[in-house]
Amino acid sequence: MRRIALLLIILIPFMKGYTNDNNSLFYLVNGKLHLFKIFVPNTWINNINIAHENGIATFFHPKSALNTKYHEVYIYANGYDYNSPSASFNNFVNEEIANMKTRSKEIIIENVKYNIKNMTGIKQFKCISFTNIPNSYRDDCVYIDTGKSVISIIFTTNNKNSYLQNKPIFTNTILTFSFLSSDPTEIHYLIEKDKKDRPETKYYKIPQ
């Protein structure tokens, strides 16, 4: 798994998950300047151990692969706050592309299409596919610009069948994504409110 961006700093102190009315599990992920909600695909889990080993907030994979070291398919999401006046969405995406190109000169980069139903708080987003990747099949990456941070959601597969079978899952993950706030005061309020409303919910601090 690649580490992302030199211009941006990871600021994700807490993460939480709980079930909503239709029993779909979702997580709230926050940093100083971002709070977003992402649903866990049905029959998938968020592997906290793998996420923390890689310094990220979420690492979703099928439950059937819980005891497997080699994952054919996984999705992860993370948030990155802009940490300098020169940091920008385009710089972030360009750095991502540059990092991928270092893996191989043969990597193919294409624009792809995914949709986000709720665009509240989102300035723009880009969807990019990387193929012909060494030791992998394809990465579909969605980068979301909130004005003060970038949210990246990555869909990685190691073979064509896994990609075709699980693409609808990733499509729905992006469709149901929600950005909640970039205001530190509001983020704090929303988290504290959830802690009171759902005291059984576990919070996780991402190791730095």
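Just so you know, all these numbers are worked out from the coordinates, no wet-lab data involved. The shown structure was predicted, so the numbers you read here are calculated from the model rather than taken from an experiment. Here Cβ is always computed from backbone atoms with ideal geometry, including for glycine, and neighbour counts include all displayed protein chains.
Counting other Cβ atoms within 10 Å as a rough exposure proxy, the listed residues S86, S136 run S86, S136 from fewest neighbours to most.
Residues V93, V150, V73, V112, arranged from fewest to most other Cβ atoms within 10 angstrom of their Cβ, appear as V112, V93, V73, V150. Total Lys pairs in the range 167-208 closer than 26 Å by alpha-carbon, pairs eight or more apart in sequence or interchain only? The result is 4.
Checking (1) 74, 43, 33; (2) 69, 40, 33; (3) 50, 43, 32 against the coordinates, the calculated Cα extents along the principal axes in Å falls under label (3). Neighbour counts of other Cβ atoms within 10 Å put L33, L66 in the fewest-to-most order L66, L33.
Of the chain, which part is the longest with no GluC sites (Glu not before Pro) in a loop (DSSP not H, G, I, E, B) and with at most 10 other C-beta atoms within 10 angstrom? With a cap of 10 other Cβ atoms within 10 Å, the longest stretch comes to 1-105. Here the gap between K101 and E53, fully extended at 0.36 nm per residue and compared with their Cα-Cα distance, gives a gain of 14.9 nm. FRET efficiency for the E192 to K37 pair, using the beta carbon distance and R₀ = 22 Å, is estimated at 0.85.
The helix-based estimate of mean residue ellipticity at 222 nm for the chain, built from -39,500 (n - 2.57) per DSSP H run of four or more residues and divided by its residue count, is -7500 deg cm²/dmol to the nearest 500. FRET efficiency for the T171 to L25 pair, using the beta carbon distance and R₀ = 22 Å, is estimated at 0.75. Label positions at L164 and K205, each projected 7 Å from the Cα along the C-beta direction, are separated by 4.7 nm.
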